[in-house]
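Right, one structure below, let's go through it.
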């Protein structure tokens, strides 16, 4: 099942009970494996600029108001939260959060909970046929193994 992000009918983001602003906080205690297309050229063949695995620590929080890229996050273990339909919803193991370019999205760690996620940023949007960030089930563990392989070998 796919759940799409949008503000509830008749509401704007300013009508919700939370203030969303542009933030990019890695947080303390966060560990990441990151591969970018300058170090793994084949990624750029697919429009991928950056991919990685994050073990999100306290304060891990990202909000993008008008992102230029498409991003796909997949939860490997633990729980985090994603902004959907004006609320923070749980993103747990096996769930994915897809964010189209130009559409507001947000995600964050939960205090006291572990959250391991893999993610990919596209500069050339893949053909997804979506206009709003959905959350859906996926095969996150397989994807995480592939990213770890890129980190160790520098190639897909």
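Throughout, read-outs are computed from the coordinates displayed, never taken from laboratory work. On a predicted model such as this, the values are computed, not experimentally measured, just so you know.
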Whole percent per 5 Å bin, from 0 to the bin with the longest distance: what is P(r) over all C-alpha pairs of the stretch 40-106? 4, 14, 23, 26, 19, 11, 3, 1
Take the alpha carbon gyration tensor of the stretch 79-121, find the square roots of its eigenvalues, order them as a ≥ b ≥ c, and report rounded if a/c is under 1.5; if not, report prolate when a/b exceeds b/c, else oblate. oblate
